[in-house]
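Below is one structure; the comments refer to it alone.
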Amino acid sequence: MRRAVVLNSRAAEQAGELSRLLAEAGFEAVEAPAITIAHGWGDATTLEDVRRDLHAGLFDWVVLPSQNAGRAIAPELAGAHVVCGAATAVALGITAEVVLDRFSAAAALEALRLRVLPGQRVLVPRAAEGRDELVDGLRDLDVDVAAPVAYRTVPVEDAANRLRAGGIDVVTACSPSALRSLGGALTADVALVCLGETTADAAREMGLRVDAVAAQTTMASLVEAVMNLPLPLGEVLSRGEGCVEATQEVRA
């Protein structure tokens with residue numbers, strides 16, 4: 001038997017926790033990013049305006065689709081009514097009003113439907129390439145939505161190149177942008193495990209088979225989903241015993 005090899009496609013600066021947990025679970029974890037994160041906010045004035053309004057309590061609600069959306073404003077979120085996923089709350093060190101096991105636009109809208117009032121002001125920092133479902137849904141609730149671009153995801157070829165090289169049994173994907181970067185490099189003999197329903201839905205729209213979705217949007221839950229995959233995956237595999245060091249693919 002050989003050890004199952006799991007490709008961690010997270011951005012390099014955010015890959016450490018997932019690789020550590022995979023290794024502790026006995027997998028061979030390979031880091032090869034599908035994306036890198038470029039911070040946005042348009043200009044410094046936009047960010048300072050948002051920080052000022054948060055500090056003054058001028059937003060009734062703040063919805064964070066991801067930890068990248070809230071990273072630049074985390075200190076100003078103390079006391080704010082925040083809706084976010086469990087992993088985002090932990091990563092940013094914030095206490096959220098509503099913590100969703102699986103963050104998705106539909107789940108956030110469902111949570112807010114009975115909480116927001118017409119005319120309230122809602123901040124939704126988002127990715128430049130993010131979907132409009134959340135913002136449009138909030139506007140349908142007759143609230144005033146501010147949706148500045150907080151970051152951009154930039155595709156890189158590391159993950160796709162590592163997949164093409166072979167020897168990967170499972171790929172973890174944490175965002176639709178990571179899936180787009182992987183593109184045609186994903187083949188039927190590699191299992192795909194997604195962090196949340198938004199990513200899983202994007203995979204299905206791309207015609208990809210989704211083998212598992214994490215029960216919560218946390219790295220621990222993602223690893224649990226990998227552990228619960230039906231093994232062997234086309235051949236006899238083993239998670240192994242004990243901790244295995246993660247290896248990192250270095251981009252040329």
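The values are calculated or read from the model by the stated rules, or taken from the named source; none is laboratory data. All values derive from a computational prediction rather than experimental measurement. Don't worry about glycine lacking a Cβ; one is built from the backbone with ideal geometry, like all the others, and counts go over all protein chains shown.
Filtering region 10-29 down to residues that are surrounded by fewer than 19 Cβ atoms within 10 Å (Cβ to Cβ) and not small (Gly, Ala, Ser), which residue is farthest from Asp158 (Cα to Cα)?
Selected residue: Glu24.
Residue by residue through region 84-143, note down the ones that are in a loop (DSSP other than H, G, I, E, B) and polar (S, T, N, Q). Reasoning before the result, please.
Restricting attention to region 84-143, the residues satisfying the condition of being in a loop (DSSP other than H, G, I, E, B) are 93-97, 101-104, 114-120, 124-125, 128-132, 141-143.
Thr95, Ser104, Gln120 - these are the residues of region 84-143 that are in a loop (DSSP other than H, G, I, E, B) and polar (S, T, N, Q).
So that you can scan it fast, the table gives a plain yes or no per residue for (1) out of contact with any helix residue (DSSP H, G or I) (no Cβ under 8 Å at 6 or more places or on another chain); (2) at positive phi; (3) in the same structural domain as Phe27 (by TED's automatic domain parsing); (4) modelled with pLDDT of 95 or more:
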{"residue": "Gln120", "(1), (2), (3), (4)": "yes, no, no, yes"}
{"residue": "Ala128", "(1), (2), (3), (4)": "yes, no, no, no"}
{"residue": "Glu133", "(1), (2), (3), (4)": "no, no, no, no"}
{"residue": "Asp140", "(1), (2), (3), (4)": "yes, no, no, yes"}
{"residue": "Ala147", "(1), (2), (3), (4)": "no, no, no, no"}
{"residue": "Ala160", "(1), (2), (3), (4)": "no, no, yes, yes"}
{"residue": "Ala165", "(1), (2), (3), (4)": "yes, no, yes, yes"}
{"residue": "Val170", "(1), (2), (3), (4)": "no, no, yes, yes"}
{"residue": "Ala173", "(1), (2), (3), (4)": "no, no, yes, yes"}
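Could you tell me how many of the residues in region 95-125 are of a type outside the set (Ser, Thr, Tyr) and more than 21 Å from Ala214 (Cβ to Cβ)?
Filtering region 95-125 for residues of a type outside the set (Ser, Thr, Tyr) gives 96-103, 105-125.
Then keep just the ones that are more than 21 Å from Ala214 (Cβ to Cβ); that gives 97, 112-125.
Selection size over region 95-125: 15.
Every residue in region 221-252 that is at pLDDT 80 or above and either outside any helix (DSSP H, G or I) or out of contact with any helix residue (DSSP H, G or I) (no Cβ under 6 Å at 6 or more places or on another chain) (or both), please.
Just the residues of region 221-252 that are at pLDDT 80 or above, to begin with: 221-230.
Of everything in region 221-252, those that are at pLDDT 80 or above and either outside any helix (DSSP H, G or I) or out of contact with any helix residue (DSSP H, G or I) (no Cβ under 6 Å at 6 or more places or on another chain) (or both) turn out to be Ser221, Leu222, Glu224, Ala225, Val226, Met227, Asn228, Leu229, Pro230.
Which numbered condition in (1) in a helix (DSSP H, G or I); (2) at pLDDT 90 or above is the only one that Gly183 fails?
(2)
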